[in-house]
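K.L.:
Encoded as structure tokens, here's the structure I'll be asking about.
Every number in this text was worked out from the coordinates using simple rules, so none of it is lab data. Predicted model only: the values in this text are computed from it and were never measured. When we count neighbours, we look across all protein chains shown, and the Cβ atoms used for this are built from the backbone with ideal geometry, even at glycine.
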Amino acid sequence: MSDKHRNSILHPTRRQALAMMGVVGATGLVMPGILGRDKAYAAPPSAPKGQVIIGFSQEPTVFNPHMLHIEVDEGIHFSVFDPLFNVDPEGKFTPALAVEVPTVDNGGISADGLNWKVKLRDGVKWHDGKPFTAEDVKFTLDLVVDKDFRSARRAGHDQVRDIKVVSPTEITWRMEKPYAPYASILAATFIVPKHILEPEKDRNTAPFNNAPVGTGPFKWVERVAGDHIELAANTDYYGEGPYLERVIYKYIPDLTVLYTQFKTGDIDVTGLQWITPDHYDEAKALEGKTVQVVPGGTVESVTFNMEKPQFKDPAVRQALYHALDKTTIIDALYYGLPAPTETYMPQQSFYFNPDLPKHEFDIEKAKKLLDDAGWKPGEDGIRAKDGVRLSFSNSTTAGNHIREQVQQFMQQSFKDVGVEMTISNLPPAVMWGEYWMQSKFDSVVVGLDFLTGPDPDTSDYFLTSSINAKGGAGQNTWQYSNPEVDKLLAEGGQVFVPEERKKSYLKIQEIIRSELPFLPIFQYATIRGRKKGMTGFTPNVNNRIDSWNVGSWYWEEA
């Protein structure tokens, strides 16, 4: 890198500001070899036609995209709403409600990264026929930082100042300080209607939250709780598509049943949690189906609630990591498909730290760590210290039979070192509701996408102010707090050049690996299945849900 690319982080060059927008440099995740890219497909239909049934093992329940939610809810968000711009499988930003992605070249961002101007599409309508304008964008950006609103994320948005509606199709603001992740945050910020939500006294309980109105390719039709959600084509959509008349998200909590319904044709696409590895050999040979192994950014881990007394001692967390037989779990239960990892950062990311200590399964080391830290076995063999018994519950989604086997495996290994782990699984809507978001659990087996799009910022998960259980806004559900990590996240957010930014994120990964608020197991390799003829389905490691581009899907004629 030449010297001109190493200017002060507070005065980014034109190239640096462009880097912030993800248009130069290795800034994030790139999906290698998108499957089926080179195949020629028939043209999509001229009018919406047919339907697709997508099976989810978890039930979408949060329909306001700015309230606390998990990945499965984004299946609805991407279908019903639009952001200003999207992020594609290559990690590039593409216009959505904005006419163009703001850059220095087009005048959308000032050279110092502080002043933003976004030009919006004209003629876009909300699903109720009202016009979309810059007022809706301003309302959305104000809503997510409203202290009375239970916002899923304030980090990044809290740097926005002086929002001005210049015209119905133009909006400007300034950033309090340069903030490199903001482009990716905006790509995950769905715009909501001012005319519906502004009059509501309490936007946390507004009727909109159960019957959303967006600008997206599909309109809300109905939800049958515990069964399915139906959406219909938005024939006034400004973009390409939609090409389907209906999209049905079907809730099937048992993963074996999900696979069976895919095999029999009752569902067209296996969405979250896809096809389990124990069915892969059979699935890939099914007639009339397309089955692919797709790398994902999700990391599976055993997560601790750091405010529980059992986990406050770092020696306990380190000992439990030594007692976790990751290799056998991956090979025996996941058929060797996922890649073991020591970090939350996907291995495809430019910011991935390959030099972290490698996990070692060693029961004797685990025992010694606990012995040395003063955790002594009681008469029943379970260790205790200062009146705290080394006993805790572990929870995950009921019906995920592979995770349930992982839990049983862990239970035995932990017992071997004098630790009692009980299993307490819950239906998805309960598991990932307040129990997870408000840190009511002891420990959890969970898969998380830590990044927002391709950006390496993880303020939403590691910043002290992102602890919901303590009044923050974010997904720091393990209640992890480290002033050095807070400082590194702030510093990394102000650096635009990837090579310079990398230093902060390598160090954060090093700290997290040392302190172990969660035990990383593997990065996902997911088995995606769909009926042959379903066209437009494109894996995107930069988004958390398969149906991120469902408006582009259609059935290819035989």
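K.L.:
Residue by residue through the stretch 441-448, which ³J(HN,Hα) values in whole Hz follow from phi under the Karplus form 6.51 cos²θ - 1.76 cosθ + 1.60 (θ = phi - 60°), with glycine and proline marked x?
P.N.:
Couplings: 8, 8, 8, 9, 9, 8, x, 10 Hz.
K.L.:
Among Ala43, Pro520, Val104, whose Cα projects farthest towards the positive end of the dipole of the chain, with charges put on the beta-carbon of Lys, Arg (+1) and Asp, Glu (-1)?
P.N.:
Val104
K.L.:
Dipole magnitude of the stretch 296-524 about its Cα centre, charges +1 at Lys/Arg Cβ and -1 at Asp/Glu Cβ only, in debye to the nearest 20?
P.N.:
Dipole of the stretch 296-524, to the nearest 20 debye: 260 debye.
K.L.:
If we count other beta carbons within 10 Å of each Cβ, what is the order of Asp372, Asp268, Asp331, Asp88, fewest first?
P.N.:
The most exposed by this proxy come first: Asp372, Asp331, Asp88, Asp268.
K.L.:
Between Lys177 and Glu282, what is 0.36 nm times their sequence separation minus the Cα-Cα distance? Round to one decimal in nm.
P.N.:
Here the answer is 32.4 nm.
K.L.:
Sort Met67, Met410, Met437 so that the residue with the fewest other Cβ atoms within 10 Å of its own Cβ comes first and the one with the most comes last.
P.N.:
Exposure proxy ranking, most exposed first: Met67, Met437, Met410.
K.L.:
222 nm [θ] for the chain, helices only, -39500 (n - 2.57) per DSSP H run of 4+, per residue, to 500?
P.N.:
When only DSSP H runs of four or more count, the value is -6000 deg cm²/dmol.
K.L.:
Have a look at Val485, Ala473, Val419 and report the one farthest towards the positive end of the charge dipole of the stretch 296-524, computed about the Cα centre with Cβ charges (Lys/Arg +1, Asp/Glu -1).
P.N.:
Val419
K.L.:
With viscosity set to 1.567 mPa s at 4 °C, what whole-number translational diffusion coefficient in µm²/s follows for the chain from Stokes-Einstein and a Kirkwood radius over Cα pairs?
P.N.:
The Stokes-Einstein estimate is 53 µm²/s.
K.L.:
If you don't mind, there's one more thing I want to ask. Place +1 on the Cβ of every Lys and Arg and -1 on the Cβ of every Asp and Glu in the stretch 243-386, take the dipole about the Cα centre, and give the residue among Ala283, Tyr335, Phe352 whose Cα lies farthest towards its positive end.
P.N.:
Value computed over the given set: Phe352.
K.L.:
With +1 on the Cβ of every Lys and Arg and -1 on the Cβ of every Asp and Glu, and nothing else charged, how large is the dipole of the chain about its Cα centre, in debye rounded to the nearest 20?
P.N.:
For the chain, the charge dipole is close to 760 debye.
K.L.:
Please report the spacing between the Cα centers of the stretch 192-253 and the stretch 431-506 in Å, no decimals.
P.N.:
A separation of 29 Å, based on Cα centres.
K.L.:
Below 8 Å, C-alpha to C-alpha, sequence gap of six or more: please give me the relative contact order for the stretch 296-524 in percent.
P.N.:
33 percent
K.L.:
With an 8 Å Cα cut-off and a minimum separation of 6 or more residues, compute the relative contact order for the stretch 232-312 in percent.
P.N.:
With pairs under 8 Å counted, the relative contact order is 15 percent.
K.L.:
Order these by the 10 Å Cβ neighbour count, fewest first: Glu364, Glu59.
P.N.:
Result, fewest neighbours first: Glu364, Glu59.
K.L.:
In percent, what relative contact order does the chain have, based on Cα pairs under 8 Å that are 6 or more apart in sequence?
P.N.:
23 percent
K.L.:
Also, quick follow-up: Which entries in Lys312/Lys503; Lys125/Lys219; Lys49/Lys92; Lys119/Lys177; Lys92/Lys119; Lys119/Lys201 show an alpha-carbon gap greater than 20 Å?
P.N.:
Distance filter (> 20 Å) returns Lys312/Lys503; Lys49/Lys92; Lys119/Lys177; Lys119/Lys201.
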